[in-house]
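Participant: The structure follows.
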Amino acid sequence: MIDLLIKNAALGDGRTNMSIVVNGGRITDVLPGFISDAHQTIDANGFLVSPPFVDAHFHMDATLSYGLPRVNQSGTLLEGIALWGELKPHLTFDALVDRALAYCDWAVAKGLLAIRSHVDICDERLLAVEALLEVKRRVKPYLDLQLVAFPQDGIGRWKDSKGNPTAIELLRSSLNKGVDVVGGIPHFERTMNEGAASVTLLCEEAAKRGLRVDMHCDETDDPMSRHIETLAYETQRLGLQGRVNGSHLTSMHSMDNYYVSKLIPLIREAGVSAVANPLLNITIQGRHDTYPKRRGMTRVPELMAAGVDVAFGHDCVMDPWYSLGSGDMLEVAHMGLHVAQMTGQAAMRACFDAVTKTPAKILGLEGYGIERGCNADFVLVQARDPIEAIRTRATRLKVIRRGKVIAETAPNTANLNLPGRPNSADFLHTR
Ligand code: FE2
């Protein structure tokens, strides 16, 4: 007999009344109509069954540290980096692990089962690296955590307590310990030339080790910050196509249109993907503007139209840079949709893909999707399609990992007591 049957499911591609058959933790069939009895049957009641949410850009070493040692008064990126510098000497292994595990609980409850987290390696103790490697091991049964060696204070700019620039050695040590991806922050290096040199150095390190690259790139309103150009160039030179991601790319918002008309095809040609972080960038960018005030998010629809893979990341939750958030990728997609003005039907669906299958591709996740042979990982949401899911930031009714229910939330229904009106409202559009 079948292990698990999900019946009467809607899928993201528009199919309805579908059955998903699960055996041994894998999907063994996806078929229309009702199939047969199973050990466990879940009636989706016509709601959407999606593959899990994926966050391609997060900082799990800083999460849930809001207010430690103080709050960010200006709300700017640079005060956030300075604040993190104040907090770093006071971090402990146990506190880092506890906060990260607590965040992963929230993530699972929201159907977020794969996260790429940057981890700061500018610390002689590599404390955050050790802590997040421990967290990665502990959450493995229920959440895929991919770690990026991230030189927060600059690979050339950071110096140890004796004044030695050893960030590259710490980055190499992190990779040797099991960190998965090479990070960088070229716009934070001292000069444009040093930023470009850091991109070359880090891409060469990744190529030598056969690793992926994910850099914080051009997270600035300076239209002359063009490290994405070097990142695309090095990707091609080193044969890293399909393995490199540019995170943020906010300077593209402010760049001259003529230059962008050259740049986007270069990004596409190099097979470099992009991650925009709408919650963060709408609050952090444009801070030096009066009015008109720039939004600062990268050119999401234009990149997508050119065939570049673009995902939305959460970036931060309750940390020195961002005091809000809850691990809800539908909130991220909702903000991305608004900031990018992606209100057409296809555009809204693309925003849903930007927090599901596109980041799964960027992370290189295997067995992701709702097809025969994929892992039996999915989320049943209280919505009939991806657009309704974004509109209502739909309740994650059930979260399933390898065929087992690992989180459940009661439906979002308000009881009403109004004359001549229904006795409840569930915020779903009646068709
Ligand atoms: Fe970030």
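Participant: Give me the pairs: first residue in the range 311-335 and on the phi > 0 side of the Ramachandran plot and within 15 Å of the ligand (Cβ to nearest atom), second residue part of a loop (DSSP other than H, G, I, E, B) and polar (S, T, N, Q), beta-carbon distance under 9 Å, and six or more apart or on different chains, which are they?
Facilitator: Pairs that qualify, where the first residue is on the phi > 0 side of the Ramachandran plot and within 15 Å of the ligand (Cβ to nearest atom) and the partner is part of a loop (DSSP other than H, G, I, E, B) and polar (S, T, N, Q), are 315/277; 318/63; 318/65; 318/326; 325/63.
Participant: Look through 198, 117, 173 and report the one residue that is within 27 Å of residue 228 (Cα to Cα), among the hydroxyl-bearing types (Ser, Thr, Tyr) and part of a strand (DSSP E or B). Outline the logic, then answer.
Facilitator: Values: 198 fails: part of a strand (DSSP E or B); 173 fails: part of a strand (DSSP E or B).
It is 117.
Participant: Looking only at the range 47-66, which residues are within 15 Å of the ligand (Cβ to nearest atom) and either touching a helix residue (DSSP H, G or I) at 6+ places or on another chain (Cβ under 7 Å) or outside the structural domain of residue 325 (by TED's automatic domain parsing) (or both)? Talk me through it step by step, then tell me what you get.
Facilitator: Our first condition is that a residue be within 15 Å of the ligand (Cβ to nearest atom); within the range 47-66, this holds for 55-63, 65.
Those that are within 15 Å of the ligand (Cβ to nearest atom) and either touching a helix residue (DSSP H, G or I) at 6+ places or on another chain (Cβ under 7 Å) or outside the structural domain of residue 325 (by TED's automatic domain parsing) (or both): 55, 56, 60, 61, 62, 63, 65.
Participant: Across the range 98-136, what is the total count of residues that are without any contact (Cβ under 8 Å) to a residue 40 or more places away in the chain and under 17 Å from residue 52 (Cα atoms)?
Facilitator: Matching residues across the range 98-136 total 1.
Participant: Residue 196 - would you say it is in contact with a helix residue (DSSP H, G or I) (Cβ under 6 Å, 6 or more places away or on another chain) and surrounded by fewer than 20 Cβ atoms within 10 Å (Cβ to Cβ)? It would help to see each step written out before you state the result.
Facilitator: Numbers: in contact with a helix residue (DSSP H, G or I) (Cβ under 6 Å, 6 or more places away or on another chain): yes; surrounded by fewer than 20 Cβ atoms within 10 Å (Cβ to Cβ): yes.
Yes.
Participant: Check every one of the helices (runs of 4 or more DSSP H) wholly within the range 206-295 and list those with 2 or more residues that are farther than 30 Å from residue 75 by Cβ and in the same structural domain as residue 184 (by TED's automatic domain parsing).
Facilitator: Correct list: 227-237, 257-270.
Participant: Of these, 132, 147, 91, 112, which one is more than 16 Å from the ligand (Cβ to nearest atom) and modelled with pLDDT of 95 or more?
Facilitator: None of the other options fit; the residue is 112.
Participant: Hey, another quick one. Would you pick out the residues in the range 2-17 that are at negative phi and either surrounded by fewer than 17 Cβ atoms within 10 Å (Cβ to Cβ) or not basic (Lys, Arg) (or both)? Break it down stepwise before answering.
Facilitator: Keep residues of the range 2-17 that are at negative phi, which gives 2-7, 9-13, 15-16.
Of everything in the range 2-17, those that are at negative phi and either surrounded by fewer than 17 Cβ atoms within 10 Å (Cβ to Cβ) or not basic (Lys, Arg) (or both) turn out to be 2, 3, 4, 5, 6, 9, 10, 11, 12, 13, 15, 16.
Participant: All but one of (1) surrounded by fewer than 23 Cβ atoms within 10 Å (Cβ to Cβ); (2) at pLDDT 95 or above; (3) within 16 Å of the ligand (Cβ to nearest atom) hold for residue 256, so report the exception by its number.
Facilitator: Only one criterion is unmet by residue 256, namely (3).
Participant: While we're looking at this one, here's another question. Among the numbered criteria (1) within 26 Å of residue 64 (Cα to Cα); (2) buried (at least 24 other Cβ atoms within 10 Å of the Cβ), which one does residue 326 miss?
Facilitator: (2)
Participant: Out of all the residues in the range 67-78, is one or more free of Cβ contacts under 8 Å to residues at least 12 places away in the same chain, within 15 Å of the ligand (Cβ to nearest atom) and over 30 Å from residue 410 (Cβ atoms)?
Facilitator: yes
Participant: Against the conditions (1) under 28 Å from residue 61 (Cα atoms); (2) out of contact with any Leu (no Cβ under 9 Å at 6 or more places or on another chain); (3) surrounded by fewer than 18 Cβ atoms within 10 Å (Cβ to Cβ), where does residue 395 fall short? Just the number, please.
Facilitator: Condition not satisfied by residue 395: (3).
Participant: Say we look at the range 169-192 and pick out the residues that are surrounded by 15 or more Cβ atoms within 10 Å (Cβ to Cβ) and charged (D, E, K, R); which of these is nearest to the chain's Cα centre (by Cα)? Steps first, answer last, please.
Facilitator: Start the filter on the range 169-192 by keeping residues that are surrounded by 15 or more Cβ atoms within 10 Å (Cβ to Cβ), which leaves 170-175, 179-189, 192.
Filter again for charged (D, E, K, R), leaving 172, 180, 189.
Values: 172: 24, 180: 16, 189: 24 Å.
Applying the filter and picking the extreme gives 180.
Participant: Would you please name the residue that is nearest to residue 62 (Cα to Cα), looking only at residues in the range 152-168 that are among the charged types (D, E, K, R) and under 27 Å from the mean Cα position of the chain (by Cα)?
Facilitator: 153
Participant: For residue 141, indicate whether it is in the same structural domain as residue 275 (by TED's automatic domain parsing) and at pLDDT below 95. Talk me through it step by step, then tell me what you get.
Facilitator: Numbers: in the same structural domain as residue 275 (by TED's automatic domain parsing): yes; at pLDDT below 95: no.
Criteria not met by residue 141.
Participant: Among the numbered criteria (1) without any contact (Cβ under 8 Å) to a residue 60 or more places away in the chain; (2) of a type in the set (Gly, Ala, Ser); (3) within 27 Å of residue 279 (Cβ to Cβ), which single criterion is violated by residue 167?
Facilitator: (3)
Participant: Regarding the range 211-234, can at least one residue be identified that is away from the ligand (no atom under 16 Å from the Cβ), at pLDDT 95 or above and at positive phi?
Facilitator: Checked the range 211-234: no residue is away from the ligand (no atom under 16 Å from the Cβ), at pLDDT 95 or above and at positive phi.
Participant: If you take the residues in the range 150-161 that are surrounded by 15 or more Cβ atoms within 10 Å (Cβ to Cβ) and part of a loop (DSSP other than H, G, I, E, B), which one is nearest to the ligand (Cβ to nearest atom)? Reasoning before the result, please.
Facilitator: Start the filter on the range 150-161 by keeping residues that are surrounded by 15 or more Cβ atoms within 10 Å (Cβ to Cβ), which leaves 150-158.
Of the ones still in play, those that are also part of a loop (DSSP other than H, G, I, E, B) are 151-158.
Values: 151: 12, 152: 9, 153: 14, 154: 14, 155: 16, 156: 19, 157: 17, 158: 16 Å.
Step by step, filter the range 150-161, then rank; the result is 152.
Participant: Has the range 305-328 got any residue that is in a helix (DSSP H, G or I) and charged (D, E, K, R)?
Facilitator: No, every residue in the range 305-328 fails to be in a helix (DSSP H, G or I) and charged (D, E, K, R).
The values are calculated or read from the model by the stated rules, or taken from the named source; none is laboratory data. Because the structure is a prediction, the values reported are computed rather than measured. Note that each Cβ is placed from the backbone with ideal geometry, even for glycine, and that neighbours are counted across all protein chains shown.
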